[in-house]
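Notes follow once the structure below has been shown.
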């Protein structure tokens, strides 16, 4: 699946089958389901999981918590727009 195909799935009611946990979290986030997205991200105990977790807290406006998760991910605090960060994460996990 490429980014355009992923983007087209966003008009559906449920995530497409076969998505990784982190792509599913980003799909749910795009649909406005923070709780479900957060639940997935906090259960992926990897740097990538921490990275999505950081993005979600940044989006909700909890910058101190987001900063903690960026550190856990070994990544600098993101300064791009939320849309750009979301897209970059999706592209990263589609590889």
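Values quoted throughout were computed directly from the atomic coordinates according to the rules given, and no laboratory measurement underlies them. What you are looking at is a predicted structure, and each value in this text was computed from that prediction instead of being measured. With ideal geometry, Cβ positions are generated from the backbone for all residues, glycine too; neighbour counts draw on all protein chains shown.
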- Scan segment 66-90 and report the pairs whose first residue is closer than 11 Å to residue 52 by Cα and whose second residue is part of a loop (DSSP other than H, G, I, E, B), with Cβ atoms within less than 6 Å and a gap of 6+ or a chain change. 70/77; 85/78
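Here's a check for you: in segment 64-95, which residue that is loosely packed, with under 12 Cβ neighbours inside 10 Å and out of contact with any helix residue (DSSP H, G or I) (no Cβ under 6 Å at 6 or more places or on another chain) is farthest from residue 9 (Cα to Cα)? Working first, answer last.
From segment 64-95, those loosely packed, with under 12 Cβ neighbours inside 10 Å are 64, 74, 76, 79-81, 83-84, 95; that's our starting set.
From what is left, the residues that are out of contact with any helix residue (DSSP H, G or I) (no Cβ under 6 Å at 6 or more places or on another chain) are 64, 76, 79-81, 83-84, 95.
Numbers: 64: 32, 76: 30, 79: 27, 80: 24, 81: 22, 83: 17, 84: 18, 95: 17 Å.
By that ranking, first place goes to 64.
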- Note on the structure: When segment 3-23 is checked residue by residue, the ones that are in contact with a helix residue (DSSP H, G or I) (Cβ under 7 Å, 6 or more places away or on another chain), assigned to a loop (DSSP other than H, G, I, E, B) and surrounded by fewer than 16 Cβ atoms within 10 Å (Cβ to Cβ) are 10, 16, 20
- So residue 49 clears everything in (1) surrounded by 12 or more Cβ atoms within 10 Å (Cβ to Cβ); (2) farther than 18 Å from residue 24 by Cβ; (3) in contact with a helix residue (DSSP H, G or I) (Cβ under 7 Å, 6 or more places away or on another chain) except one condition, right? Which one? (2)
